[in-house]
1. In degrees between 0 and 90, to the nearest 10, how far off the longest principal axis of the chain does helix 138-147 point, with axes built from Cα atoms?
2. Amide H neighbours of T197 under 5 Å, counting only residues 5+ apart in sequence or on other chains, H built in-plane at 1.01 Å?
3. For the range 58-143, what number results from the quotient of the Cα radius of gyration and 2.2 N^0.38 Å?
4. For the range 1-146, what is one quarter of the convex hull surface built on the Cα atoms, given in nm²?
5. Quick one: angle between helix 164-175 and the longest Cα principal axis of the chain, in degrees between 0 and 90, rounded to 10, please.
6. Over all directions, the average projected area of the alpha-carbon convex hull for the chain comes to how many nm²?
7. Please work out how much length the chain gains when fully extended from E256 to H162, using 0.36 nm per residue of separation minus the C-alpha to C-alpha distance, in nm with one decimal.
8. As I understand it, the value is the acute angle between the Cα axis of helix 36-46 and the longest principal axis of the Cα atoms of the chain; what does it come to in degrees, rounded to 10?
Amino acid sequence: MGTLYLVGTPIGNLEDITLRALRVLKEVALIAAEDTRRARILARRYEIESPITSYFEGNKLAKLETVLRALDAGDVALISEAGMPGLSDPGYELVRAAIERGYPVVPVPGPSAPVTALVVSGLPSDSFLYLGFLPRRQPERRRLLAEVAQEQRTLVAFEVRHRLRRSLADVEAVLGDRPLAVCRELTKLYEEVWRGTVREARDHFDEVEPRGEFTLVIEGAPQEHVCWDEDRVRAALDELLAQGLSRPAAARRIAEASGWSRAEVYALGLGREGS
């Protein structure tokens, strides 16, 4: 029984590959690659002679059994077009199937565009929410942004060059004019990290044609703009009343922090009292 290795490969600069990744790629019986052209460039650079087969979005289900059968005979390495496999690219189904059939699944860590963009952005990196590729259609894109509008963690998302301007407009309309970093062509020859606000980014890319691959890093919602859910308001109200505060005083204090009006908090307390 073989092992399925999830091998991180460079997101741009071919020197960003680990010694362990090179050893694994040379030793496996098969490399399942999202982009065989990119895989062969890497193979030629480092004299990797393992057979390469395609495994991408269009054939991932048809190829699933082929890769699983290969695991019966030996080890298989899964690689994406760039970065860690299974992150916003094919891989999840194969990993799940391998686990269910009892094959060992081993990660071989490597470069990751979301993390690379996050740490170079200059925005808070202690906690973040990865959104993957922003939806192609504006209604779905705005719906997703609305869902995370009160999220205080830093937001990280991918976008393609021909939708960048429209997506920045939606970010400003839904999230407001927040600080962000627009990271382009990370680790490649024309790497660029643009930092500013959403409005400034829109102005910049109205003048400069977007080129390459983009990762957006957007600051989370400010504390004062986060609206608490009802359960949180009820819990805070119970705690302050238990401490001896009057209902008007408790409602006023919670309203200052929660995004609710004082009348709404007060009415919520009355509703609980009468239940």
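Values quoted throughout were computed directly from the atomic coordinates according to the rules given, and no laboratory measurement underlies them. None of these values were measured; they are calculated from a predicted model. Cβ coordinates were reconstructed from backbone atoms using ideal geometry, including for glycine residues, and neighbour counts include every protein chain displayed.
1. Taking the Cα atoms of the chain, the angle to 138-147 is about 60 degrees.
2. L180
3. Values: Rg = 16.3 Å, N = 86, 2.2 N^0.38 = 12.0 Å.
Scaled against compact globular proteins, the figure is 1.37.
4. Numbers: hull surface 41.1 nm².
So the Cα hull casts an average projection of 10.3 nm².
5. 30 degrees
6. On the way: hull surface 77.3 nm².
Spelled out: convex hull of the Cα atoms, projected over all directions, averaged, 19.3 nm².
7. Values: separation 94, 0.36 × 94 = 33.84 nm, distance 4.20 nm.
Separation in residues times 0.36 nm, less the Cα-Cα distance, equals 29.6 nm.
8. 70 degrees
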